[in-house]
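See structure below.
The values are calculated or read from the model by the stated rules, or taken from the named source; none is laboratory data. What you are looking at is a predicted structure, and each value in this text was computed from that prediction instead of being measured. Heads up, the Cβs are rebuilt from the backbone with ideal geometry, glycines too, and the neighbour counts pull from every protein chain shown.
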Amino acid sequence: MADALPEAFLRAVAEGFPADFLTLEPSELEEYGRDWTRVYSPAPSAVAFPRTTDEVARLVKLCHAHRVSVVPSGGRTGLAAGAVAARGELVLSLQRMNKLGPVDLLGNTVRVQAGAVTEAVHHHCAEHGLTWPVDFASKGSSQVGGNIATNAGGVKVIRYGLTRQWVLGLQVVTAQGEVLELNGALEKNNTGVDLRQLFIGSEGTLGIITEATLKLAPLPGRQDVFLFAVPDMAGVLSLFREARRAPLILSAYEFFTDKCLERVRRHRKLRSPFDAPSSHYVLMEAESKEASEVEAWLGSLFERGLVTDGTLAQSPSQASELWALRESISESLSATGLPHKNDVSLPVAALESFCSELEAVFGARYPGWEINLFGHIGDGNLHINVMKPEDMEKAEFLAHTKAADHAMFELVSKHRGSISAEHGIGLLKKDYLSYSRSLAELELLRTLKRAMDPLNILNPGKVLDV
């Protein structure tokens, strides 16, 4: 049961904010108290819906004065329980703060509120031949503030990098309710520590992002979408090496296994473009200029036995069909079973040996478990989904996955990887953070949190305990 908010706090909110600012409606508490993790039961005390930075700042000042814990909330598409309110916190939803400012065609920037939906930003900028090149399957639901707070990745990192590369300035509300304007629209600002970077990727534990000045890029030219069948992970990486030398500019290089494809076909009824099955598939998107050079390169792949089959989308609809095979995987895994999800990052050169060792560990300790692998091979991001065996109870499975995660993260640490590539730490991975961060780093992070949020009211318990 969620803790009740102090009466004095509720009176102050009623007197100082619009009538529709705060809700205690049980169905809305249920909806806004959770994210896509679906592991923790939501139990917020209330949900607030500000429309301006001023409203956020005044609310946070009240929360600080009354020691009310706050969980900032965006599109809630995260998979690490970073936006879960399970301990009676007040959820601060940014969804009404979705204004898009005019596109600056001289500086190639746009100022938006934190609740702006990623896809809406794309459409807004596309009218001017520009894009904010942060892109992923959840772009229709995810919000800019959440993308920045988690330093989101996605399918175009190989070409454009992570979210932090595309944020020039931030407006942030601190734990004390002060408003910070950080860097504005400056490309250069050499005046000491870049405070903006403290908040990017901090998962709402240090401050609440309310507005951002985004850096834009020209819309790419014509994008070719390919799907290849390869025999194994070594084949995925061999093709990647060739693609980097090819007469094209890679925008995305994704892979998935036959088990993922089987689940997608079962759930979405999508068809494979290939007659013969393969164990691994590569979806590649690239910008090319000389069609004849690309055709020659494609022919050489078959001649040298680097691919066993392949297809090139001949229309936008065919390109969407190929992308659907990759982007429907997460949804299909959840619809056809109970997946235990992990999102790790490895040096690209270590992927083959890591996957081989991972298979050996699971084969020895957890025989019969189905492992579905997919991810953004171009940037070393591997999504590892272990499916609950049908004859195993959920509680038993979840108990086993804790031990399995330790074994997996030991391998990640051995190969100098990260236990979280793009979904953050939240509640879900907090106990494993030491596999990627040293004791000295963890203590420095705690010191930073204590200094900036001494009452521990901003997303308490997320990332690490203080």
| task | Please work out which one of (1) at pLDDT 95 or above; (2) over 20 Å from residue 78 (Cα atoms); (3) of a type in the set (A, V, I, L, M, F, W, C) is the condition residue 114 fails and give its number. | result | (2)
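Conditions tested, residue by residue: (1) more than 24 Å from residue 325 (Cα to Cα); (2) in the same structural domain as residue 325 (by TED's automatic domain parsing); (3) buried (at least 17 other Cβ atoms within 10 Å of the Cβ); (4) small (Gly, Ala, Ser).
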| site | (1), (2), (3), (4) |
| --- | --- |
| 350 | yes, no, yes, yes |
| 361 | yes, no, no, no |
| 374 | no, no, yes, no |
| 381 | no, no, yes, no |
| 402 | yes, no, no, no |
| 417 | yes, no, yes, yes |
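So in region 52-76, with the set limited to residues that are part of a helix (DSSP H, G or I) and aliphatic (A, V, I, L, M), which one is farthest from residue 145 (Cα to Cα)? I'd like the intermediate steps shown before the answer.
Residues of region 52-76 part of a helix (DSSP H, G or I): 53-66.
Going one step further and asking which of them are aliphatic (A, V, I, L, M), we end up with 56-57, 59-60, 62, 65.
Details: 56: 13, 57: 16, 59: 18, 60: 17, 62: 22, 65: 25 Å.
Checking each candidate, the answer is 65.
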| request: Within region 32-51, identify whether any single residue is over 20 Å from residue 177 (Cα atoms) and assigned to a helix (DSSP H, G or I), and answer yes or no. | output: yes
| request: Among the residues of region 119-139, write down those that are part of a loop (DSSP other than H, G, I, E, B), in contact with a strand residue (DSSP E or B) (Cβ under 7 Å, 6 or more places away or on another chain) and without any contact (Cβ under 8 Å) to a residue 40 or more places away in the chain. | output: 128
| note | Over region 148-192, the set of residues in contact (Cβ under 8 Å) with a residue 60 or more places away in the chain, within 20 Å of the chain's Cα centre (by Cα) and outside any loop (DSSP other than H, G, I, E, B) is 148, 149, 157, 158, 159
| remark: residue 259: passes all of (1) surrounded by 20 or more Cβ atoms within 10 Å (Cβ to Cβ); (2) modelled with pLDDT of 95 or more but (1)
| task | Find all pairs meeting these conditions: Cβ atoms under 9 angstrom apart; at least six residues apart or on different chains; first residue within region 225-249 and within 17 Å of residue 285 (Cβ to Cβ); second residue of a type in the set (Lys, Arg) and buried (at least 21 other Cβ atoms within 10 Å of the Cβ). | result | 227/326
| request: Quick one: residue 287 ticks every box in (1) assigned by TED's automatic domain parsing to the domain that holds residue 400; (2) charged (D, E, K, R); (3) not in a helix (DSSP H, G or I) except a single one, so which number is it? | output: (1)
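Does residue 364 fit the bill of being out of contact with any Phe, Trp or Tyr (no Cβ under 8 Å at 6 or more places or on another chain), at negative phi and assigned to a helix (DSSP H, G or I)?
yes
Mind listing whichever residues of region 15-24 are over 13 Å from residue 93 (Cβ atoms) and either in contact with a Lys or Arg (Cβ under 9 Å, 6 or more places away or on another chain) or outside any helix (DSSP H, G or I) (or both)?
Applying the first criterion (over 13 Å from residue 93 (Cβ atoms)) to region 15-24 yields 15-19, 24.
Answer for region 15-24, where residues must be over 13 Å from residue 93 (Cβ atoms) and either in contact with a Lys or Arg (Cβ under 9 Å, 6 or more places away or on another chain) or outside any helix (DSSP H, G or I) (or both): 16, 17, 18, 19, 24.
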